[in-house]
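Engineer: Submitted below is the structure of interest, expressed as structure tokens.
Bear in mind that the values in this text are calculations on the coordinates, not laboratory data. What you see is a predicted model; the values in this text were computed from it and never measured.
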Amino acid sequence: MKDTITSLINPADEKGSYLDAAALDQLNRYFQSGSMRVKAAKTISSSASSIISKTVASSLLYGDITLPGGNMYPTRRYAACLRDLTYFLRYATYAMLAADASILDERVLNGLKETYITLGVPIDRVIEALNAMKEVLTDSVGTEAGQELGVYLDHIIAGLS
Ligand code: CYC
């Protein structure tokens, strides 16, 4: 996993130089947004299950997908879906804290699309749920942190598209 600090320091170290003005500027913006990131992570950790249920209610719950023949039926698959959404939320929160998407590539997206295709998990509906999660998050953590989390949920969407 990478983060904003190591991704700026490592290349400077390779060149044996101090951070240049652009890197310092980027670092400054990262530190200035630090309390916003931590505050959002705190809200998410105390309300994750409600964020997941609201996400499901506004995207997947009231349709054929939860009925016999749908990919969220029976309860075993429904539970797998809630678990996947919980993974997405938790890893997007880590990525938002680090301001770096690499953890998503390493731990979430690696082989995921192929797994979904093999199992017949409808990827368009997963993406619909991820988009719904962005809205639920903006309601719960506010616009600025919601937008930042949106960057990482969009990264997951792009990796599944
Ligand atoms: C299954 N989701 C799976 C599987 C994996 C993941 C590996 C296959 C193995 C299993 O069932 O546990 C995902 N596992 C992950 C991820 C990580 C991991 C992301 C990284 C931490 O370790 N079905 C729907 C909805 C959607 C859904 C649209 C929820 C948004 O219709 C999800 N994923 C879903 C379902 C299954 C699944 C239903 C079970 C499919 C089956 O067994 O038929």
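Engineer: Relative to the compact globular guide of 2.2 N^0.38 Å, what is the alpha carbon radius of gyration of the chain, as a ratio?
Structural biologist: For the chain, the normalised Cα radius of gyration is 1.17.
Engineer: Would you look at the GNM of the chain, springs on alpha carbons closer than 10 Å, and say which of Thr43, Thr93, Thr138 moves the most?
Structural biologist: Comparing Thr43, Thr93, Thr138 in the GNM, the peak value goes to Thr43.
Engineer: May I ask you to list the aspartates and glutamates whose Cα is less than 16 Å away from that of Lys39, ignoring any residue fewer than eight positions away on the same chain?
Structural biologist: Result set, ordered by chain and number: Asp139, Glu144, Glu148.
Engineer: How many angstrom lie between the Cα centre of segment 70-106 and the Cα centre of segment 1-26?
Structural biologist: About 30 Å separates the Cα centre of segment 70-106 from the one of segment 1-26.
Engineer: Only Cα pairs within less than 10 Å get springs; with that Gaussian network setup on the chain, which residue of Ser47, Ser35, Ser17 has the largest fluctuation?
Structural biologist: Among Ser47, Ser35, Ser17, the largest GNM mean-square fluctuation belongs to Ser17.
Engineer: Let me ask another. Could you name the lysines in cross-link range of Lys113, using Cα to Cα under 27 Å and dropping any fewer than eight places away on the same chain?
Structural biologist: Cα-Cα hits under 27 Å: Lys2, Lys54, Lys134.
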